[in-house]
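Nothing in this text is a laboratory measurement; each read-out follows from the coordinates by a stated rule. From a predicted model like this one, the values you see are computed outputs, not experimental measurements.
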Amino acid sequence: MARWEPDARGRLARVALDLYAERGFEQTTVGDIAERAGVTERTFFRYFADKREVLFDGSTMLRDALVDAIASAPASLGPIEVVGHAFGQAADTLQERREHAVRRAAVVAANTSLQERELLKMASLAEAAATALRARGVEASVATLAAEAGAAAFRIAFDSWVADPHPTDLHAAVLAVLGDLRAVVAGT
């Protein structure tokens, strides 16, 4: 039986994205996902709290990559450079999964509640980055400002990256957006 095949979590995530793209998020049930993946609904709930969380399963990995990159950044870097380095490293975790990211972004864009969840995810990334910066000794308001700027740069670069049929490297795109921010702040 299919339910005994390995990688039930991965199958559920792939099937859910396929169904959301085909039918729409609201029209897809947990039962639909489980059935197509060859598992029971109970198995689905062993891995995911609800059908929405399937789309946000990588959030912890992304946050951990971001925090680790901040912690390991050279001490000589200023807060915005640390954030650029860290969000660039986090972008590297997405680079090889671009097709998935494009499909996921389309599903999220088509549903208001998913857009809200995406904003919460970005706020969580910014808060994790600010906390990691404070742990490096960066003053609280500077840490928050740098982290929020980094999260905004990441979001802008990501949105451009998934929309571009011939995208550049996401890491480079994040750094380019932060360069744009420096130009705006400098008044050029």
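A few comments on the model shown:
- Relative pair counts by distance (%), Cα atoms of segment 2-54, 5 Å bins: 4, 24, 38, 23, 9, 1
- At 0.890 mPa s and 25 °C, Stokes D of the chain from Kirkwood alpha-carbon radius, µm² per second: 139 µm²/s
- Acute angle (nearest 10 degrees) that the helix 112-135 long axis makes with the longest principal axis of the chain, alpha-carbon atoms: 40 degrees
- The angle separating the long axis of helix 140-163 from the principal Cα axis of greatest extent in the chain is about 50 degrees.
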